[in-house]
1. Starting from a Cα-only point model with no solvent, please compute log10 I(q)/I(0) by Debye for the range A:30-281 at q = 0.10, 0.11, 0.12, 0.14 1/Å.
2. As a check on your grasp of the helix formula, calculate [θ] at 222 nm for chain A: sum -39500 (n - 2.57) over DSSP H runs of n ≥ 4, divide by the residue count, round to the nearest 500.
3. Could you work out the mean projected area of the convex hull around the alpha carbons of the range B:57-129, in square nanometres to one decimal?
4. Given C-alpha coordinates of the range B:69-308, what is the ratio Rg to Rh with the Kirkwood estimate of Rh?
5. Largest first, please: the extent of the C-alpha atoms of the protein assembly as shown along each principal axis, to the nearest Å.
6. How compact and how long is the range B:1-159, expressed as Rg and Dmax of its alpha-carbon atoms in Å?
7. What residue among A:LEU163, A:LEU155, A:LEU93 has the largest mean-square fluctuation in a Gaussian network model of chain A, using Cα springs under 10 Å?
8. Given bins 10 angstrom wide, list per bin the percent of all Cα-Cα distances in the range B:119-215, short to long.
Amino acid sequence: MTTPTVSTEPNTRANTHVGAKPFDLSQPSVRTAPVSDEHAVVSIKDFNLWYGNFQALHHVSLNIPKNQVTALIGASGCGKSTLLRAINRMNDLIPIVKTDGTITYEGVDLYDRAVDPVEVRRRVGMVFQKPNPFPKSVFDNVAFGPRLNAYKGDLNALVEKSLKRAALWEEVKDKLKGSGLGLSGGQQQRLCIARAMATEPDIILMDEPTSALDPMSTDRIEGLIHEIKEHYTVVIVTHNMQQAGRVSDRTAFMHLGVLIEEGPTDQIFTNPKHEMTERYVEGRFG
Amino acid sequence: MERKTPGMLGRARAVGLNKRADRRVGEAVIGTLLLLCALVSVVTTVAVVYSIAEETFQFFREVSVVEFFTSRVWTPLFENQNFGIAPLVLGTLMVTSIACVIGLPLGLGAAIYLAEFAGDRTRRTVTPILEVLAGIPTVALGYFALLFVTPVIRDLIPGVNLFNPLSAGFVMAFLILPTVTSISVDSLRAVPRSLREAGYGLGASKFELITRVVVPAALSGIIASFILAISRAIGETMIVTLASGGRPNFTFDPRQEMATMTAFIVQAGTGDQAAGSLGARSLYAVAAVLFTITLVLNILSQQVVRRFSEKYE
Ligand SMILES: Nc1ncnc2c1ncn2[C@@H]1O[C@H](COP(=O)(O)OP(=O)(O)OP(=O)(O)O)[C@@H](O)[C@H]1O
Ligand SMILES: [Mg+2]
């Protein structure tokens, strides 16, 4: 395939009884107002991924628009994290993983032999489900990435800027030398976001960034995601439908490793075209 | 709380809930035996410490503390007695430093390899080999140093005495290596996956991840392993007695014969010093210094390990 499948037709296949019937993995994804290749910062094309013999992603194609928030939703085990981690080649760390298909970023196939995954991860940052600050000071946590890159500019200014963007500066400006582990869970997660932003990536991947946090911290981070998309492209995995609705511009729904439907978030939530998407967003889904 | 109700014993017996005398007696006996085991070790420790302290105290009634710590001549077993412990401390430091310079980096390197690079199969083969190394009797290592390593060193470096701290330190490096490696491997592998992913996610290469994330996070465990290794090297006796010699020599030249504190204790203990003589008591004074140093090191390493266990989350 050279262009993403574009089909705004409602899917008419008989997939109404999920679980009762074997799932048809070869159906095309339903797309509403698809993002063109020119507007995509990352373009996933016909991407397959296996853990050993188990195929976790089937022919996934998805264009991710620049400076927007794309949400990945779907039931547990459908491959959201796998797809997310494919974008910055984190899956390379698992020896049994095999892939085919392409993920292009600025016209470069990230899975080409000529590409260094370490460099990919400097451009595509990641925030994990559980806050994972290093057992270092707040400052050293944020400065970690810039130091790897032998950052030439003013490191103090960069750390301050990153912490401000992560809406954490006011709370930690007097304890930059204190341990990152001394912060609350929500603060730690914002620290991790600041840390990811300090490497000045183009894209930030977030895998359920608020699932370990209380509602207040969740609010703050959702607000934050809204603000940072001015500077970054964000891809976020979430189990929380309200959250997907609140923070994302576009939403992609996955099921058993297949991209079922994608489109503008309001469309996916108010007017889903695929029966399974509808069942999922209405919470009638396993 | 338990209370006593008339007639309850009979009813408890009827349904099998009564206390069983035989079980209680058995448990009491076992408890007492275990207590005795614990007591024996405590009592011996106290007895040893007491006897060292007592003899040391007697020693310092005749020898000035100032002389002991400042004089550079140690000849307590000779006619003309001198009691400056400096040459012995220097000998111990010399051998220990040589052992550490070789053994600590090598042990840490092996640990990093085993924890971060080696496959499961390699790890499973190498770990038992290290344990064998740790189990070689030190007297065998001592003869190995004297008979095999010393000749090689004397060929390579001119002017090396038959007994010298170089050979002893070199062989001792392999004695302390397993200590460093096994403790360091454990602490490196205890660094959680989430921290590794954080590092990789920020664009660290494997080497950068190890030097900037994994080793710093495991640092307290690694330092603890170093301290234990140093403490073991300081207390080691057979290798130094056999390979480094028994002549106390205040020198910084590792080609010369140098006696360590432990080597002197062996010498004095196997010699024909009359009990209660000053020569015999000097043994205890040296033992007290040695004991203090290793005790401080062990406490230090425990302190470090405690910090280490609070490290993550
Ligand atoms: N390291 C691995 N080895 C083998 N199989 C794996 C591995 N990681 C994930 N899988 C499998 O791949 C599939 C997709 O997993 P993935 O973690 O991407 O799901 P997910 O959508 O993120 O689920 P969740 O919402 O529970 O996080 C699952 O069936 C999972 O069991
Ligand atoms: Mg997941």
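1. Summing over Cα pairs of the range A:30-281 leads to -0.47, -0.57, -0.68, -0.93.
2. -8500 deg cm²/dmol
3. Computing the convex hull of the Cα atoms and averaging its projections yields 8.1 nm².
4. 1.06
5. Computed over the Cα atoms, the extents are 108, 89, 49 Å.
6. Answer for the range B:1-159, Rg first and Dmax second: 29.9, 94 Å.
7. Top of the fluctuation ranking is A:LEU93.
8. All Cα pairs considered, the percentages come to 13, 29, 24, 20, 12, 2.
The values are calculated or read from the model by the stated rules, or taken from the named source; none is laboratory data. Bear in mind the structure is a predicted one, so any value in this text is a computation, not a measurement. Positions of Cβ are backbone-derived with ideal geometry, glycine not excepted, and every protein chain shown enters the neighbour counts. To get the accessible areas, we keep the full protein, side chains included, count just its heavy atoms, and leave off ligands, DNA and RNA. Shrake-Rupley method; radii C 1.70, N 1.55, O 1.52, S 1.80 Å.
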